[in-house]
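Data first, discussion second: the structure below is written as structure tokens.
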Amino acid sequence: MGDGRWYSASNAVLHFRGDITPGDTSKLARKAEELCIAGTMLVGMQEVEQRQYWLKAVPDDEHSPDVRSITLIEREDGRASDGQFQDVEVVTYEHSSGESLIEFLLRTKLSENKAYDEQTVILFYVKEAATCPPPREWMSGLSGCKHKCPVMLLGNAHPTEPIYTLKQVHPVYKEIITFNLPETIAKQGYTTGTINLTWNPNKKEVHHENEIHCPFESLGIACKG
């Protein structure tokens, strides 16, 4: 699990807009963007599941995944909550590539030389407006794919408003949620905070009220607000 500090998924979205200079294409900025994209997906999942998710960047020397997330599940026996982990591999599609969404996905994260397990979620982010194939075309186009890892598609559902749609397109197709990102973040109230997790079976929480951390500090990016 590495570093035990995890950051609010919603907080990663908000800090990306405040801590990263628009147009920055550096390696660190791209890593921060992956956290923001994963955080956006998790905001949608929080709305569906009504529980909070936390995330962290995975060091590049681990090669995969890009982001690791966790949600805590309360136990009925009074012991410490179980942690449900999720590895997230982020891939971004830009319309200028000239490939359809399905062709791009099959060439990249679902190519034959990739080996993601079923615990790794491929988060397919459509950065620019693009025509999304209908469900039948997704199922037909990916029917020969041998990978069993879940593939989630995240894209903007409105030309000017921050409204996102989240779907699962593989190995099954499922419409999950369409949501206004800032309104959903404000409603959920998960905008601040970090947690420090250690392996301990006892239900013991230690709070450090004055401890403040920002989602991108592990990348060496200064917190601006």
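The values are calculated or read from the model by the stated rules, or taken from the named source; none is laboratory data. Every value quoted in this text rests on a predicted model; they were computed, and no experiment measured them. Note that we place each Cβ from the backbone using ideal geometry, even for glycine, and neighbour counts take in every protein chain shown.
Checking each residue in the range 162-180 for being more than 21 Å from residue 133 (Cβ to Cβ) and either in contact with a Leu (Cβ under 9 Å, 6 or more places away or on another chain) or buried (at least 20 other Cβ atoms within 10 Å of the Cβ) (or both) picks out 162, 179.
Looking only at residues in the range 101-121 that are free of Cβ contacts under 8 Å to residues at least 40 places away in the same chain and closer than 20 Å to residue 38 by Cα, the one that is surrounded by the most Cβ atoms within 10 Å (Cβ to Cβ) is 121. Against the test of being over 19 Å from residue 70 (Cα atoms), at pLDDT below 95, among the hydrophobic types (A, V, I, L, M, F, W, C) and touching a Cys at 6+ places or on another chain (Cβ under 7 Å), the options 145, 223 yield a single qualifying residue, 223.
Whether any residue in the range 67-78 is of a type in the set (S, T, N, Q), at pLDDT 90 or above and over 14 Å from the mean Cα position of the chain (by Cα) is what I want to check. Among the residues of the range 67-78, not one is of a type in the set (S, T, N, Q), at pLDDT 90 or above and over 14 Å from the mean Cα position of the chain (by Cα), which makes the answer no. From the list 205, 128, 183, the one residue that fits, being surrounded by fewer than 16 Cβ atoms within 10 Å (Cβ to Cβ) and at pLDDT 95 or above, is 183.
For residue 90, the conditions (1) out of contact with any Asp or Glu (no Cβ under 6 Å at 6 or more places or on another chain); (2) modelled with pLDDT of 95 or more all hold with the exception of (1).
Looking across the range 120-147, just one residue is in a helix (DSSP H, G or I) and of a type in the set (Ser, Thr, Tyr), and that is 140. Could you list all residues from the range 1-17 that are at pLDDT below 90 and of a type in the set (Gly, Ala, Ser)? Hits for the range 1-17 are 2, 4.
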